[in-house]
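All remarks here apply to the structure that follows.
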Amino acid sequence: METHTRSASTYDVLRAHGVDRRRFLKFCTMMAAAMGLDATVVPQIVEALETKPRLPVIWLHGLECTCCSESFIRSSHPIAQDVILNMISLDYDDTLMAAAGFQAEENRKRTMKDYSGQYVLAVEGNAPTADGGVYCTVGGETFLNILQETAENAKAVIAWGSCASNGCVQAAKPNPTGAKPIHELISHKAIINVPGCPPIAEVMTGVLTYILTFGALPELDRYGRPKMFYAQRIHDKCYRRAFFDAGQFVETWDDEGAKKGWCLYKMGCRGPTTYNSCPTFKWNNGVSYPIGSGHGCIGCSEENFWDDGPFYERLSSIPVPGIDSTPDAIGAVAAGAALIGVGAHFISTEVRRAAGKKIGSDTEAQGKEGR
Amino acid sequence: MATSTHEFDPQAMGQHPEQYFRREYVWQLPVRITHWVNAACLTVLFLTGLYISHPLLAPSGEAVHHFVMGRVRQFHFAAAMLFTVTFMVRVYWFWVGNNYARSGFPYVWRPQWWADLFRQAADYLRLERGHVHLGHNSLGGATYTVFVIFLGWCQIFTGMALYSESNPGGILNRLFGWVLPLLGGSFQTHMWHHFFAWGFVVFAILHVYIVLYDSTQYGNGLITSIISGYKFYQKGDFKED
């Protein structure tokens with residue numbers, strides 16, 4: 001029975017769950033729009049979800065908080081929740097699966113064998129590498145080993161969330177467990193990074209729909225992120241951008257500007273340096289997103305965002321060992337030191353002049369004229 | 001070959017000034033123009049940069065009536081483009097200009113260069129007049145190399161990378177976008193851009209002071225040389241390019 005379910009298409013499974021065709025088509029259209037694709041691609045998505053067997057997915061959890069899964073099961077579209085869990089054949093997910101213990105691990109091994117080279121490895125969280133990886137073990141084995149073993153025959157690897165993409169909080173300084181993002185642990189595999197803490201549900205669905213429809217990873221940027229969701233900064237699509245350009249900024253959390261919804265730039269908003277789709281999809285069924293609720297972006301989808309704090313200040317320290325000051329503070333001190341230096345030189349020159357000695361009058365330089 | 005060179009006889013000097021004062025055309029027109037354009041650009045860049053990082057004096061009323069940050073950023077970007085172009089012109093002139101356009105190059109592998117560096121530093125600290133360089137001495141050359149050329153490249157690369165973020169996939173993003181991951185992301189690139197900017201302030205303080213010092217103490221017309229192009233030296237000066 002299970003094999004039958006696995007080879008069934010997403011549409012078959014959805015129908016079995018009572019989703020009608022109209023809602024199914026709505027979902028496909030929404031996905032095409034979300035991925036920034038043209039309307040002519042909708043039939044392709046429909047066909048893929050109707051005919052292609054569901055994607056076998058092994059979903060591993062390493063060092064993480066499960067916020068990616070939480071986000072994932074809260075997709076905004078009415079049937080998205082069903083689709084997400086049904087569009088893929090989630091053969092192993094230690095958080096969601098019914099099986100436990102040896103039975104669970106057996107599932108993983110069986111999928112790896114039966115669908116060698118076909119399954120997608122989705123990783124939530126990352127692996128600690130210090131002391132042989134003992135800081136995260138599943139079923140008595142280090143997560144590092146499990147990850148590398150499972151990635152071996154995977155078709156592609158999806159790194160869900162900032163943990164898997166960038167390291168996130170467990171890789172923040174001083175990183176006692178030596179946690180490393182997935183792309184630093186797995187080589188020679190197509191890896192797609194879907195950063196965010198957590199990533200937006202629609203972004204996660206979009207990535208899966210794309211892989212299922214086109215049988216390949218979407219176009220990636222320099223950081224291995226899908227361009228369709230991470231090409232632009234929060235700042236460039238922010239509805240408060242007009243206040244930024246006007247020069248109107250919130251100065252304190254309870255001032256007039258805060259009430260009027262001015263730009264949160266001076267409150268440390270990371271919108272100008274953060275690539276994500278929050279202003280487009282928003283959160284919680286499109287209700288709002290941090291900036292919409294009057295709080296600056298903390299840049300959760302960016303590399304090192306924990307170390308780039310404090311979150312409520314615009315400037316942070318530069319990564320020069322032993323220096324923990326903002327670049328502007330360091331610069332001002334350096335400029336001050338230069339002023340003191342030239343001031344001291346000027347005073348000694350004047351003192352010497354006052355003493356009746358002219359510069360150069362006692363030169364010992366050999367008078368020699370060149371050329 | 002003269003000795004004790006600076007004991008002038010004012011009368012003789014007045015009658016035969018050419019025996020005592022020589023002048024030489026040092027800074028060619030492109031060098032002078034790029035100097036002043038870059039000086040103006042760096043001033044605008046630093047001041048607008050300060051506003052961009054610490055915006056003050058919020059205008060009141062509706063946002064639609066104002067474009068303060070937008071305008072300041074526009075000036076910053078315009079000055080940055082002009083700086084980049086003149087910087088490139090100066091790089092070109094390094095190759096095609098006269099020998100003085102190349103002076104100051106850090107020949108760190110030559111012991112002579114290091115000797116000149118330490119001698120010049122000692123001369124400044126002991127308030128003594130030593131050799132006169134018509135071009136740049138080693139110390140000046142090292143300062144320009146670090147504070148103008150190196151920092152200039154740093155600012156051009158980080159600045160262009162940050163500017164290109166508003167048009168992902170554009171030509172500038174393709175040319176300079178790699179800088180962002182190299183420095184640990186957009187945020188850290190901003191921090192480095194700030195840090196390097198202060199280098200120009202430190203440089204401006206040192207540069208202006210030492211120019212005033214040389215010009216008044218050495219009497220070599222250093223200040224006017226960057227307007228006229230001519231520098232003076234005295235009979236008996238140990239002159240080097």
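The values are calculated or read from the model by the stated rules, or taken from the named source; none is laboratory data. Keep in mind that what you see is a predicted model, and the values were worked out from it rather than measured. Glycine also receives a Cβ, built like all others from the backbone with ideal geometry; neighbour counts cover every protein chain displayed. Please note that ligands, DNA and RNA were not included when accessible areas were found on the heavy atoms of the full protein model with its side chains. Shrake-Rupley method; radii C 1.70, N 1.55, O 1.52, S 1.80 Å.
A few comments on the model shown:
- Overall form of segment B:139-241: prolate. Here a/c, set by the Cα gyration tensor axes a ≥ b ≥ c, is 1.5 or more, and a/b is the larger of a/b and b/c.
- Using Cβ point charges alone (K and R +1, D and E -1), the dipole size of the protein assembly as shown about the Cα centre works out to roughly 1380 debye.
- Ligands, DNA and RNA are left out, and with a 1.4 angstrom probe the accessible area of chain A is 44 Å² per residue.
- Rounded to whole Hz, the Karplus (6.51, -1.76, 1.60) HN-Hα couplings of segment A:105-120, x for glycine and proline: 4, 5, 4, 4, 4, 5, 4, 4, 7, 5, 10, 3, x, 10, 7, 9
- Computed on protein heavy atoms with a 1.4 Å probe, the accessible areas place A:LEU60, B:LEU175, B:LEU206 in the order B:LEU175, B:LEU206, A:LEU60, largest first.
- Look at the stretch B:198-209: the mean tally of other chain Cβ atoms within 10 Å of its residues' Cβ atoms is 5.
- By average C-beta atoms within 10 angstrom, highest first, the peptides A:194-204, A:301-311: A:194-204, A:301-311
- Taking trypsin sites (Lys or Arg not before Pro) across segment B:98-201, the ones in a DSSP loop with at most 13 further Cβ atoms lying within 10 angstrom of their Cβ are B:ARG126.
- In Hz, Karplus ³J(HN,Hα) per residue of segment B:111-117 (6.51, -1.76, 1.60; θ = phi - 60°; x = Gly, Pro): x, 4, 5, 5, 4, 5, 4
- Computed from the Cβ-Cβ distance with R0 of 22 Å, the FRET efficiency linking A:THR29 to A:ASN285 stands at 0.80.
- Prolate/oblate/rounded call for segment A:90-236, Cα gyration tensor, a/c under 1.5 rounded: oblate
- Restraint check, A:LYS173/A:LYS266; A:LYS52/A:LYS113; A:LYS180/A:LYS266; A:LYS113/A:LYS155, Cα-Cα greater than 23 Å: A:LYS173/A:LYS266; A:LYS180/A:LYS266
- Mean residue ellipticity at 222 nm, helices only, the protein assembly as shown: -14500 deg cm²/dmol; runs of at least 4 DSSP H residues each add -39,500 (n - 2.57), and the sum is divided by the number of residues.
- Per-residue shielding of A:337-349, expressed as the average number of other chain Cβ atoms within 10 Å of the residue Cβ, stands at 4.
- Interatomic Cα distance distribution for the protein assembly as shown, bins of 20 angstrom, percent: 17, 38, 26, 14, 5, 0
- Sorted from longest to shortest, the spans of the Cα atoms of chain B along the three principal axes equal 73, 44, 33 Å.
- The residues of segment A:225-253 occluded by other protein chains by 50 Å² or more of accessible area, set against the chain on its own, are A:ARG233, A:ASP245, A:ALA246, A:GLN248; surface from heavy atoms, 1.4 Å probe.
- Heavy-atom accessible surface of segment A:137-244: percent carbon and sulfur, 1.4 Å: 51 percent
- Between helix B:29-53 and chain B: long-axis angle, C-alpha atoms, 0 to 90°, nearest 10: 40 degrees
- Cα gyration tensor shape of segment A:263-302, rounded if a/c is under 1.5, else prolate or oblate by comparing a/b with b/c: oblate
- Full extension of the chain between B:TRP153 and B:ARG174 gives 5.8 nm of extra length, using 0.36 nm per residue less the Cα-Cα distance.
- The string of couplings for segment B:209-215 from the Karplus curve (6.51, -1.76, 1.60, θ = phi - 60°) is 5, 5, 5, 5, 4, 4, 5 Hz, one whole number per residue in order, with x for Gly and Pro.
- Per-residue SASA entry for A:HIS345, accessible area with 1.4 Å probe, Å² rounded to 10: 30 Å²
- Theoretical FRET efficiency, 1/(1+(r/R0)^6), r = Cβ-Cβ of A:GLU256 and A:LYS113, R0 56 Å, to 0.05: 0.30
- Rolling a 1.4 Å probe over the protein chains gives B:HIS35 an accessible area of about 60 Å².
- Most fluctuating residue given options B:GLU128, B:GLU62, B:GLU165, as computed from a GNM of chain B linking Cα atoms under 10 Å: B:GLU62
- At most 15 other Cβ within 10 Å, DSSP loop - trypsin sites (Lys or Arg not before Pro), segment A:177-232: A:LYS189, A:ARG222
- Which of A:MET228, A:SER187, A:LEU217, positive extreme of dipole for chain A (C-beta unit charges): A:MET228
- Distant-in-sequence amide H partners of A:TYR119 (H built 1.01 Å from N, under 5 Å): A:LYS155
- Kirkwood radius and radius of gyration were both taken over the C-alpha atoms of segment A:1-62, and their ratio Rg/Rh is 1.04.
- Chains A and B together bury roughly 5300 Å² of accessible area, counting both sides, with a 1.4 Å probe on protein heavy atoms only.
- Rounded accessible area of A:LYS155 (nearest 10 Å², 1.4 Å probe): 90 Å²
- Largest GNM mean-square fluctuation among A:THR51, A:THR326, A:THR280, using chain A with Cα springs under 10 Å: A:THR326.
- Amide hydrogen neighbours beyond the local backbone of A:TRP283, cut-off 5 Å, H modeled: A:SER288, A:TYR289
- Accessible surface of segment B:135-228, 1.4 Å probe, proportion on carbon and sulfur as whole %: 77 percent
- Taking every residue in A:327-336 and counting other chain Cβ atoms within 10 Å of its Cβ, the average works out to 5.
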